[in-house]
Amino acid sequence: MDDGIQAQLERGNRVHGDPTVWDYHYTSDPLIRYLRDRRLHRALKELDKRGKLDAATQSVLLVCAGVGGEGTFLANQGFVDVTVSDLSEKALELCRRFDGRLKTRALNAEDMSEVEDGSYDLVFVQDGLHHLPRPVLGFTEMLRVARTAVVVIEPHSGLVARAIGRQWEVCGEAVNYVFRWNRSIFEQATRSYLLREDAEVIPCRFFDHNLVVNRVVSKLPLPRKTQVLAAKAIYGLLYFVAPMGNMMVGIALKPSGPSPQRLVAH
């Protein structure tokens, strides 16, 4: 196993030793749920707008998914076939303990060779690719095993990210460069791998500072549900500067059927 992947595996096994660290994934606190889930809601909304969302029939694979918080979100949205994958078996043990509705599978996101092409309708990742030594390789593996669409929720490159975002994340021996995406990188990686002109690429950029917003609105002398409205108001104001946002929900829709006739280079 590559040293970078091995370091991430060791980190994962270490940080997943305490199940209480992951309580925020399963809390009933309305503010925490709103702040944690708004990016996933955005992704489902974009899929639904394009007629690519059918929770009752679609299978889902989550990569780099840790203890399965995103899996529980999707199960709560009506998905009945959700598989959580991660390098760390300790993380997957916690996932099975937290939510018995979810399937689990130990996978290296950069090399999912044991998964056949087009095995899952939807393949999701949230804040996972930038932990990989080769994030684009992880993304193209997602494209390979997806049948309908890939959803990537990751940091977006830009002025704000460069000004206040971290470039490196260090946890013990595990070090990763925080790879940030943009429209060009996302589209080029998709088209160069699929070699399909008819693939649809949807990059959605916006602001997401859940820790900061939580600290601000939690100080307000308001009931928790009213604090949720305050958080929504903050993000409503940021909507007008979304093109400068620090976060991206990127969706790649895979075409069905044979590749159309390609133009001959001239």
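The values are calculated or read from the model by the stated rules, or taken from the named source; none is laboratory data. Just so it is clear, the model here is predicted, and its values are computed rather than measured. All Cβ positions, glycine included, derive from the backbone under ideal geometry; neighbour counts span all protein chains shown. The accessibility values were calculated without ligands, DNA or RNA, using every heavy atom of the protein model including side chains. Shrake-Rupley method; radii C 1.70, N 1.55, O 1.52, S 1.80 Å.
Within straight-line reach of Lys103, meaning a Cα separation under 26 Å, sit the following lysines at least 8 residues removed in sequence or on another chain: Lys45, Lys52, Lys90, Lys254. Under 28 Å of direct C-alpha separation, and excluding same-chain neighbours fewer than eight residues apart, Lys219 reaches these lysines: Lys232.
In deg cm²/dmol and to the nearest 500, what is the mean residue ellipticity at 222 nm of the chain if only DSSP H runs of at least 4 residues count, each as -39500 (n - 2.57), divided by the residue total? One gets -12000 deg cm²/dmol as the mean residue ellipticity at 222 nm. Ranking Lys225, Lys254, Lys52 by solvent-accessible area of protein heavy atoms (1.4 Å probe, all protein chains present), from largest to smallest, gives Lys225, Lys52, Lys254. Could you work out what % of the accessible surface of region 15-83 is carbon and sulfur, using a 1.4 angstrom probe and leaving DNA, RNA and ligands out of the count? The nonpolar share, carbon plus sulfur, comes to 50 percent. Magnitude of the charge dipole for the chain, about its Cα centre and with charges confined to Cβ atoms of Lys, Arg (+1) and Asp, Glu (-1), is about 1160 debye. Between His41 and Ser218, the distance separating the two model label sites (each 7 Å from Cα on the Cα→Cβ line) works out to 2.0 nm. Protection proxy ranking, highest mean first, for peptides 141-153, 59-71, 114-126: 59-71, 141-153, 114-126, where packing is the per-residue count of other beta-carbon atoms within 10 Å, averaged.
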